[in-house]
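Worksheet: one structure, shown below.
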Amino acid sequence: MFSLDINNEKTELAKTFVATLIELMKTDDKIIALDADLGSASGLEKIKKTNPDRFIDVGIAEANMTGIAAGLSAVGFIPFIHSFAPFVSRRNYDQLYMAGAYAHNTVNIFGSDPGFAVGPNGGTHTSFEDVALMREIPEAIVCDASDAVLLEWIVKTFAKLKGIHYVRANRKGVKNIYKKGSTFELGKANVLNEGKDILIVCAGQLVSDALDACKILADKNVSAQVIDMFCIKPLDAETLLKCAAGKKAVMSFENHSIVGGLGSAVAEVLAENAVGVKFKRIGVNDRFGEVGSQEYLQKTFGLTAQNLVEQALTLLGKN
Amino acid sequence: MTKEQLLDLKRLSAQIRLDILKMLLHMGYGHLGGSLSLVETMSVLYSKYLRYDPKNPRWTDRDMIVLSKGHAGAVLYAALANLGFFDKEILNSLNEGGTILPSHPDRLKTPGIDMTTGSLGQGTSLAAGIATGFKLNKTDQYVYLIVGDGELNEGQCWEAFQYIAAKKLNNCIVMIDINKKQLDGWTKDILNPFDIAKKMEAFGFFTVKANGADEESISMALDKCREIKDGAVCIALDTTKGQGVKYFENYASNHSVKFNNPEIIKAAEDAISELENYLKGDKKNV
């Protein structure tokens, strides 16, 4: 069970990731972390002090890192690999697919700074397609962590499973949403509030923006419901359909391309179940990433609470 | 190695070669050239070096083979069948729907297959991970990583080699099957690999050259590599694509062979009879 603890405080998710792994290593000597020369950026190099032989820096070679992780899993280890999202999803895709998933090896992946979270690293380091790629891998589990409590739970849950498991999250500070100690269910969406006019399905860092949009919409007499679809695959179609029932419109809101990600997954469920509700995907529309602050990028790609409000009002015919 | 041991090895090689030919002729096509070039290597590895248990293929203390050039699956299957991992009759089911013997090895399907391979280059990193795991577990297990010379076109091999050398994974014995040909022709014409042994030395490997058609030479190279305790090791196997059957050694497109005309079928049948006669014969007459 989860409960909300929405405040304006932020937690750095890379710190949560590393602390969670170190905690897991205290009781499980099969947990091992790998990074591709970003150990200081992720903070994973801290493991050198706590568990010296449980951190491997493979150098700048993500495909190799993925294969090594898969090989380690073949002899009983539980590997977690990290790099920036595009480098542990797009660059090493065939290794994840073949050496990982097809061979039934286990690779847990932390893709950091997805989408606009890339900030000053810019277009070369941007991933607006990682969720789409990872969804395509048979049997893979794909998550987008909206806050530290959820990320910690996801990492601990991945450590118990066999297969390819991907979680994307901002390394840096992200607003707290859930109360510490909350538990969740893989493949089950978190319904964050009640609302009768419009359903907003979102995931990751944008969940807090969606909640902000809710407040603005309420001032305009629009009652919006938000669900945190943190597990994009498998998608919780049951909750989605239940929440969509009776709504005037449904929107997806994602820090990702509208092709192949959360919005596509939601559209598939709505269409196949003949829900026939007005529907709009808010995400990145056939564009490459670029450089700038997170705030600038969020605004540039229309991934703000304000844009969500405007799009919602348009969809409802109130603009 | 005693003369008797050597003769046993040569007989196993002949049997593996025979089974590859029968298997692929039965199917009507297959990756013949690169399977034949590894016959003697497999024979030596399974007879002298690998710790394995055909009754318990997943035995956790076993040594492993990662056949990164997965298209040579037939040589591995022929070896495994001869060592009792599965019934020999199953060899004829190669590539049939629902078979346990897919063209490229699948660790989930075949008893004795330690790693799934086929997407070239990827076995190198997998073997590096396995060797790292053995080291972390403080066991004396070995993983034998078999890579094709054509496969070295794949950049991932060199990423993995850098790692294996940097981490001093002496328990990952890299064996490069230098049969000098790849699908489209000679390796020197497609993408000249230059001197592979020198390249491996430059990458930090203790590198030994061996005659890949000679069990004794392969065995001596393996002994030398296993003496190294503080660095990466590599055996550059000088082999011939289609090895051991003159017709197929000289056959231009011997990467994947189609047995679709009387001449090529007769060549395979002649080789089969020759090997059968050899195996029927007295060891002293070999």
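Each value in this text was obtained by applying a stated rule to the coordinates, not by laboratory testing. Note that the coordinates shown come from a computational prediction; the quantities given were computed from them, not determined experimentally. Please note: Cβ atoms are built from the backbone with ideal geometry, for glycine as well, and neighbour counts cover all protein chains shown.
What is the average number of partner chain Cβ atoms found within 10 Å of a Cβ in A:95-101? Let's see the in-between values first.
Numbers: counts 6, 0, 2, 7, 11, 2, 0.
Taking the mean over all residues of the peptide, I get 4.
Taking the range B:32-101, which trypsin sites (Lys or Arg not before Pro) meet the DSSP loop condition and have no more than 13 other C-beta atoms within 10 Å? Mind showing how you got there, number by number?
On the way: sites: B:48, B:51, B:55, B:58, B:62, B:69, B:88; in loops: B:51, B:55, B:58, B:62, B:69.
Passing both the DSSP loop test and the Cβ count: B:51, B:55, B:58.
If one puts a single equal scatterer on every Cα of the protein assembly as shown and applies the Debye formula without solvent, what log₁₀ I(q)/I(0) results at q = 0.07, 0.13 Å⁻¹?
-0.51, -1.20
Among B:247, A:81, A:217, which residue has its Cα positioned farthest towards the positive end of the charge dipole of the protein assembly as shown, with +1 placed on the Cβ of Lys and Arg, -1 on the Cβ of Asp and Glu, and the dipole taken about the Cα centre?
A:217
Counting DSSP beta bridges with both partners in chain A, what percentage is antiparallel, nearest 5? Working shown, then result.
Values: 8 of 47 bridges.
About 15 percent, rounded to the nearest 5.
Per residue, what volume in Å³ does the convex hull of the Cα atoms of the range B:179-286 enclose? All intermediate terms of the calculation are to be shown ahead of the outcome.
Values: hull volume 12.9 nm³, N = 108.
Dividing the Cα hull volume of the range B:179-286 by its residues yields 120 Å³.
What angle, in degrees between 0 and 90 and rounded to the nearest 10, separates the Cα long axis of helix A:262-272 from the longest principal axis of the Cα atoms of chain A?
Relative to chain A, helix A:262-272 is tipped by roughly 60 degrees.
Counting only C-alpha contacts under 8 Å and six or more residues apart, can you give the relative contact order of chain A as a whole percent? Working shown, then result.
Values: 727 pairs, mean separation 58.4, N = 319.
In percent, rounded to a whole number, it is 18.
Count charges around residue A:189 for me, please; just the other residues with Cβ under 11 Å from its Cβ, Lys/Arg as +1, Asp/Glu as -1.
On the way: positive: A:188, A:242; negative: A:185, A:228, A:236, A:238.
Value of the local net charge: -2.
Would you mind counting up the charge near residue B:81? Only other residues with Cβ under 10 Å from its Cβ, with Lys and Arg at +1 and Asp and Glu at -1. Please list the in-between numbers first.
Numbers: positive: B:88; negative: B:19, B:87, B:89.
Result for the neighbourhood of residue B:81: -2.
Taking the Cα atoms only, what angle lies between the long axis of helix A:13-27 and the longest principal axis of chain A, rounded to 10 degrees?
Around 50 degrees separate the two axes.
Against the longest principal axis of chain A, how steep is helix A:206-219, in degrees 0 to 90 to the nearest 10, with axes from Cα atoms?
Tilt of helix A:206-219: around 20 degrees.
Enter the mean projected area of the convex hull around the alpha-carbon atoms of the range A:190-315, in nm², rounded to one decimal. Intermediate results must be reported in sequence, preceding the final value.
Working: hull surface 28.6 nm².
Result: a mean projected hull area of 7.2 nm².
Only loop residues by DSSP count here, and only those with at most 12 other Cβ atoms within 10 Å; note down the chymotrypsin sites (Phe, Trp or Tyr not before Pro) in the range B:155-237 that meet that. Please report the intermediate quantities before stating the final value.
Numbers: sites: B:158, B:161, B:163, B:186, B:194, B:203, B:205, B:206; in loops: B:194, B:203.
Passing sites in the range B:155-237 are B:194.
Convex hull over the Cα atoms of the range B:3-285, averaged projected area in nm²? Mind dumping the intermediate values first?
Details: hull surface 56.3 nm².
For the range B:3-285, the mean projected area of the Cα convex hull comes to 14.1 nm².
Can you find, among A:183, B:112, B:171, the residue sitting farthest towards the positive end of the charge dipole of the protein assembly as shown, where Lys and Arg contribute +1 and Asp and Glu -1 at Cβ?
Positive-most Cα among the choices belongs to A:183.
Could you please report the charge total around residue B:121, scoring K, R as +1 and D, E as -1 over all other residues with beta-carbon less than 12 angstrom from its beta-carbon?
-3
Which lysines, on any chain, are close to residue B:188 with Cα under 18 Å apart, when same-chain ones fewer than 8 places away are left out?
B:180, B:198, B:199, B:241
Express the relative contact order of chain B as a whole percentage, based on alpha carbon pairs under 8 Å and six or more residues apart in sequence. Please report the intermediate quantities before stating the final value.
Numbers: 534 pairs, mean separation 65.2, N = 286.
Relative contact order comes out at 23 percent.
Using the Cα gyration tensor of the range A:189-258, with a ≥ b ≥ c the square roots of its eigenvalues, what is the shape: rounded (a/c below 1.5), prolate (a/b larger than b/c) or oblate (neither)?
Numbers: a/c = 1.95, a/b = 1.26, b/c = 1.55.
It is oblate, given that a/c is not under 1.5 and a/b is not larger than b/c.
Going by a ≥ b ≥ c, the root eigenvalues of the Cα gyration tensor, does the range A:10-175 fall in the rounded group (a/c under 1.5), the prolate group (a/b larger than b/c) or the oblate group? Don't skip to the answer; put the middle values down first.
Numbers: a/c = 1.35, a/b = 1.06, b/c = 1.28.
Judged from the Cα gyration tensor, the range A:10-175 comes out rounded (a/c under 1.5).
Where the centroid of each part is defined by its Cα atoms, how far is the range A:257-319 from the range B:222-250 in Å?
Spelled out, the Cα-based centre of one part sits 57 Å from the other.
For the range B:255-263, in order, what is each residue's ³J(HN,Hα) by Karplus, 6.51 cos²θ - 1.76 cosθ + 1.60 with θ = phi - 60°, in whole Hz (x at glycine and Pro)?
Working through the residues one at a time gives 5, 10, 9, 9, 8, 10, 8, x, 5 Hz.
Quick one: check the C-alpha center-to-center distance for the range A:224-242 versus the range B:85-116, whole angstrom.
41 Å
According to the square roots a ≥ b ≥ c of the eigenvalues of the Cα gyration tensor, what is the shape class of the range B:1-71, taking rounded for a/c under 1.5, prolate for a/b larger than b/c otherwise, and oblate for the remainder?
Values: a/c = 2.04, a/b = 1.23, b/c = 1.66.
Because a/c hits 1.5 or more and a/b fails to exceed b/c, the range B:1-71 counts as oblate.
If you wrap a convex hull around the C-alpha atoms of the range A:144-237 and split its volume per residue, what is the figure in Å³?
Working: hull volume 8.7 nm³, N = 94.
Each residue corresponds to 93 Å³ of Cα convex hull volume.
Within 10 Å of each candidate Cβ there may be at most 10 other Cβ atoms; applying that plus a DSSP loop requirement, which trypsin sites (Lys or Arg not before Pro) in the range B:195-286 survive? Kindly include the intermediate steps, with their values, before the conclusion.
Numbers: sites: B:198, B:199, B:209, B:224, B:226, B:229, B:241, B:246, B:258, B:266, B:280, B:283, B:284; in loops: B:229, B:241.
Sparse-neighbourhood loop trypsin sites (Lys or Arg not before Pro): B:229.
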